[in-house]
Structures are given as structure tokens and as C-alpha cells.
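The block underneath contains the structure these notes are about, expressed in C-alpha cells.
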């Protein structure tokens with residue numbers, strides 16, 4: 001057997017040929033295999049040669065170094081993609097508007113989002129966040145450009161604007177929990193810290209730890225719903241008296257969530273002594289009489305504490321100066337009078353300044369309301385939502401985020417507002433003297449994909465004003481179109 005090169009026209013082929021004798025004893029040749037064209041043979045022929053050498057026990061022909069193979073880890077996507085979608089759908093991207101007014105040139109909202117996602121996926125230090133970013137494919141974030149210094153500056157910006165951020169987050173939570181939020185739980189704990197360094201206004205102070213020893217610590221108070229959803233927390237000095245931590249926390253929660261009608265306190269007897277309960281009751285009376293809670297409302301305070309190795313329970317009912325029945329009756333009479341005064345859309349437009357003095361109608365909303373006859377299913381809801389905007393303006397405290405009272409509402413996502421088609425749909429005619437751009441906040445009149453009313457709150461010479469730019473069908477969004 002031998003190798004033979006055979007020509008066929010201009011092409012030459014490499015063949016494996018063997019000799020044999022026919023029946024007459026004559027020597028003949030036959031082709032065992034054609035190995036291919038001579039000008040195209042390369043590594044394939046080498047592999048055949050080496051295979052034959054290996055079978056015969058001889059050393060294979062060297063064909064050069066074997067290429068090195070390396071394996072790289074794929075970046076994680078699933079968890080951070082899901083968290084990004086939740087972050088945007090819940091409206092937390094609205095925090096970007098707060099930080100646009102800061103002195104920082106960095107994207108504070110994106111950096112905070114990165115640190116929050118790290119805390120949920122793989123908790124680590126600020127330097128550890130940078131290492132974690134190398135293992136994930138985080139959407140909408142240029143992770144390679146993030147530095148340790150930027151993360152620290154983002155935390156500084158968060159501290160500087162804590163009040164505005166807390167108000168914005170409360171406004172985002174309120175639509176999800178207001179309808180059912182009637183019971184909240186408050187608890188307080190101590191958290192040990194290490195180190196001897198001191199800072200101005202340092203919350204790390206020496207106090208009695210839960211282990212029964214004096215230690216450097218800070219105190220953390222948390223308020224959560226009956227389902228376990230935390231809605232507020234506050235950090236206090238480690239040596240602060242517990243009674244001084246309770247009242248500020250409850251005042252804030254009752255102010256932000258007016259639907260709370262019952263509190264459940266779990267604490268030791270030191271916090272819930274008779275003197276402290278009296279102080280708590282007095283403080284809540286002042287709180288309940290504030291603008292955020294109508295006069296006459298009552299809060300039931302359920303107290304559970306341990307005394308002499310047995311569990312004790314008490315309940316305190318805190319009521320303001322007027323009876324709730326009187327307030328409710330007077331309010332209903334006023335609502336009925338307003339309803340009788342505006343039987344049609346034309347009547348609403350004509351008496352808007354008298355009935356809802358804090359509202360201003362844009363030309364588009366004015367035209368959309370004027371055509372209503374009063375027989376539409378949505379008409380009475382419209383009156384109620386106009387009243388909710390007016391009452392929201394009345395209760396709108398300086399520095400807080402505006403929120404309508406007792407109606408369902410939400411803000412448009414950043415994706416919808418910036419969309420090339422859906423964003424311009426929200427550029428409604430604006431009342432004279434105002435410039436809104438694209439409107440975001442809207443109340444939901446019939447739920448689901450029903451009617452919507454877009455509004456925008458501003459302060460003019462310190463007085464709250466709510467602009468109404470659109471009333472009509474549900475506009476398409478990125479998620480619903």
C-alpha cells in the first residue's frame with residue numbers, strides 16, 4: 001500500500017493505493033481512499049498520519065503547541081434584572097428628581113440603587129460593592145465607571161436629603177398600603193458597635209445593651225404593618241431614653257399614614273410605666289390635632305409588656321377634642337352641599353374657584369370637564385377626586401411630597417415619560433403662568449384602565465396650588481399600550 005498523486009485536469013488528488021494480483025496472477029492497483037485535493041490538505045492529513053503512527057506504536061508527528069483553553073465566569077443577570085424592574089415599577093426611579101437639585105455631578109439615584117441591590121443580593125462593604133459589580137450585568141448602569149469615592153458621595157447626598165427621600169418613599173408606599181393599613185407594630189432594639197473613634201453628633205454612645213452590660217451602641221426603632229412590611233425606621237443615640245424614642249417615631253408615622261387607627265406597642269415595663277403612658281397619650285393628642293389628621297379621630301394604642309415574669313396587656317384610647325360623630329356629620333353635610341351645587345361639568349368649571357380654591361384648570365382639562373352632563377358613571381368620582389386634590393393641597397406640608405387625600409393615585413414611570421411616543425401625550429395645556437412640561441401624577445377614577453386625571457402641585461408665594469391638566473381615558477404607557 002502506498003500514497004499516489006493523481007491528476008485530473010488542473011487538479012491533483014492524494015490517494016491511498018494498494019497492489020494486488022488478480023485471478024490470473026497479474027499485478028494490479030486499486031484505490032483504497034481518496035484523501036482530498038493536494039492544495040487543500042492541512043491538519044486533516046496530519047491527523048490521519050498521527051493516527052496511523054499511533055496504531056503502529058510510533059511517535060506522532062509534532063503539529064505545533066496545543067492551543068490553550070480558558071473558561072470565564074458568566075455575569076449574573078436574573079436577580080439584578082428582576083430588582084431593576086421592581087425598582088422602576090414601584091416608582092423608586094422618581095428619587096432621581098430629588099437628587100437633581102444636589103451639588104453632586106454624579107448620578108446619586110443610580111449609585112444608591114446599586115448599593116440597595118448589593119444589600120439584597122450579596123451584602124458587602126462599599127469596596128465589596130465594587131467587587132460585586134464585576135460579577136453581575138446590572139441593567140441601566142455603567143458599572144465600570146463607578147468608584148469607591150462616588151459611593152461615599154452618594155451616601156452623603158442621601159443623608160443631606162433624608163427628609164425629602166423619606167417623604168418620597170412614604171408617598172410611593174401610601175397607595176399600596178393605605179386602603180388596608182389599620183394596625184402597625186412598633187419595636188425598639190439596640191445594636192452594638194465597635195471602635196473608639198468619635199464624630200460630631202455621633203449616635204454611637206455607651207448605654208445599657210440587651211445583653212445586660214454597658215456597651216457602645218445605637219438604638220433602632222422600626223414600625224411595620226401587620227404583614228411585616230417596614231414603613232418607617234429611626235436611629236437614636238445609644239444612650240437615649242426609650243420614652244424619647246417612641247413619641248417622635250409615632251408622630252411621624254401618624255402624620256404620613258393618616259389611615260392608621262390602631263397602634264400595637266411591644267416593649268418592656270420600663271418604657272410603658274404609667275408616667276410614660278400619660279406622656280405618650282398627651283403627645284398623641286397633639287399629633288391627632290395636626291393638619292394631617294381630622295379633629296375627632298381616635299387611635300387605639302394596644303400595649304403589651306412583661307411584668308413579674310407574666311405578660312400584661314393594656315389598651316389606651318386616644319381621642320382629640322371634638323367627638324368623631326360631630327366631625328363626620330359636618331363633613332358629610334359639606335360634601336352633600338358641594339354635590340348639589342355642581343350637577344354638570346359646566347357648573348364645576350364655573351364654580352371651581354369657589355368650591356376648590358386651590359385648584360387651577362388647564363384649557364384641555366376645562367374643555368374635557370365642561371362637556372359632562374352629570375349623568376356619566378364617572379361624574380361623581382370626578383367631583384370626589386377634585387375634592388381629594390384640594391384637600392391634599394391643604395394638608396401639604398412644606399418639604400413633603402404632595403399626595404391627594406383618600407383616592408388611588410400614582411406617578412408615571414421614567415420609561416413612559418421619556419418615551420418618544422407616549423411621553424409627548426402627557427404634555428397638556430398648562431394654566432397661564434405655569435410651566436409643567438410632561439405631567440406625571442394622576443388619580444385613578446374607575447380603577448384598572450379606566451379614567452385618569454393628571455395634576456401637578458406647586459407653591460406660589462408659599463401657598464399650595466394644584467394644576468389639573470387632563471381628564472379622560474387611560475393613556476397608553478410602556479407597559480400598557
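The values are calculated or read from the model by the stated rules, or taken from the named source; none is laboratory data. Everything quoted here is computed from the prediction, not taken from an experiment. Cβ sites come from the backbone with ideal geometry, for glycine too, and all protein chains shown count toward neighbours.
Values computed for the structure shown
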| item | result |
| --- | --- |
| Among the residues listed as 403, 388, 415, the single one being farther than 24 Å from residue 348 by Cβ and surrounded by 13 or more Cβ atoms within 10 Å (Cβ to Cβ) | 415 |
| Among (1) buried (at least 18 other Cβ atoms within 10 Å of the Cβ); (2) closer than 15 Å to residue 474 by Cα, the one test that residue 427 misses | (1) |
| Residue in region 346-367 that is touching a strand residue (DSSP E or B) at 6+ places or on another chain (Cβ under 8 Å), without any contact (Cβ under 8 Å) to a residue 60 or more places away in the chain and in a loop (DSSP other than H, G, I, E, B) present | no |
| Residue that is farthest from residue 441 (Cα to Cα) [pool: residues in region 84-114 that are in a helix (DSSP H, G or I) and without any contact (Cβ under 8 Å) to a residue 40 or more places away in the chain] | 114 |
| Of residues in region 441-461 being farther than 19 Å from residue 171 by Cα and in contact (Cβ under 8 Å) with a residue 40 or more places away in the chain, the one surrounded by the most Cβ atoms within 10 Å (Cβ to Cβ) | 451 |
| Only listed residue being over 25 Å from residue 88 (Cβ atoms) and at pLDDT 85 or above, chosen from 473, 390 | 390 |
| Looking only at region 37-66, and only at residues there that are in contact with a strand residue (DSSP E or B) (Cβ under 8 Å, 6 or more places away or on another chain) and modelled with pLDDT of 70 or more, the one that is surrounded by the fewest Cβ atoms within 10 Å (Cβ to Cβ) | 39 |
